[in-house]
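Here the structure is laid out as structure tokens; the discussion comes afterwards.
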Amino acid sequence: MGGGYREGEAEGRLFAVLLCAEDPEYVKKVHGGYFKVFVSLLGEEGETWHVFHASRGELPPAEDVDAYDGFVISGSCSDAHGDDQWICDLLSLLEALVSKKKQLLGVCFGHQILSRALGGKTGRAKRGWDIGVTCIHPSHSTIKQFSSLDIPSHLPIIECHRDEVWELPPNAQVMAQSEKTSIEIFKYGNHVMGIQGHPEYTKDILMHLIGRLLQLNLIQNCHAEAAKASAEAGEPNREAWKKLCKAFLNCQL
């Protein structure tokens, strides 16, 4: 199932990563691929994690989804506002999972595609690329709501995106924003949460991506230098993000 990969085989909780990007050689070699990067941040003893390569058209069969406690939707090189067949198929699955009230955690592209599945609007970021370590600011109500997690009011995260959520889905709420992005985290009910940044990324993955984007002429030298400077000056708060994501997946928010 999902390429047969299982992490921590057990009769405990069952999760899946819907992988929307191919693994760069660097990430495969150093980290074992993006799936392992996610599991290293979010996986706990007694859980089972599967991976489905959504961007290749691989999704969990409809008859299997009830077995899962939650799904994590990854980042992607594709646009969440695109209409490739795999994106349309993913949207259909997400709509079904929302109706079943499965825990759905979206990261970057995953954040945007969840918004779209719920009726929100996404597109190119109005202020251009956001790459590097960015400090996001949870709202006062978010900090109060998550008081048991002791979430700080300034929360650094690694960002790497040029698209964003333009308009929230009906009945969703903004949980955090940053200087460049007005919807950094949104929540819909207690079962859908989108995060624009990458809580799973490490700084070496960021540096590798900066190099790739430069090589592909997708960013200019000035973007790359600013991104590197932000990474040298700031440290993503991985522990806070881990607490937040795990509490959400475990239905504790």
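We did not get these values from a lab; they are worked out from the coordinates using the rules stated. What you see is a predicted model; the values in this text were computed from it and never measured. When we count neighbours, we look across all protein chains shown, and the Cβ atoms used for this are built from the backbone with ideal geometry, even at glycine.
Quick check on the chain: of the DSSP beta bridges with both residues there, what percent are antiparallel, nearest 5%? Antiparallel bridges make up about 55 percent of those DSSP assigns within the chain. The local environment of residue 112, defined by Cβ-Cβ distances under 10 Å, has a net charge of -1 under the rule Lys, Arg +1 and Asp, Glu -1. Using C-alpha pairs under 8 Å with a sequence gap of at least 6, the mean separation divided by the residue count of the chain gives a relative contact order of 18 percent. Straight-line reach from residue 126: taking Cα to Cα under 24 Å and skipping same-chain neighbours fewer than 8 places apart, the lysines in range are 180, 187, 228.
Think of each Lys and Arg Cβ as +1 and each Asp and Glu Cβ as -1; about the Cα centre, that makes the dipole of the chain roughly 580 debye. Distance between the 7 Å Cα→Cβ label points at residue 207 and residue 91: 3.9 nm. For the pair residue 154 and residue 182, how long in nm is the line joining their label points, each one 7 Å along Cα→Cβ? Modelled inter-label distance: 2.5 nm. Helix-only arithmetic for the chain: the sum of -39500 (n - 2.57) across DSSP H runs with n ≥ 4, divided by the residue total, places the mean residue ellipticity at 222 nm at -10000 deg cm²/dmol.
The alpha carbon centroids of the stretch 194-212 and the stretch 101-142 are separated by 15 Å. Computed from the C-beta positions of residue 217 and residue 45 and an R0 of 51 Å, the FRET efficiency is 0.70 to the nearest 0.05.
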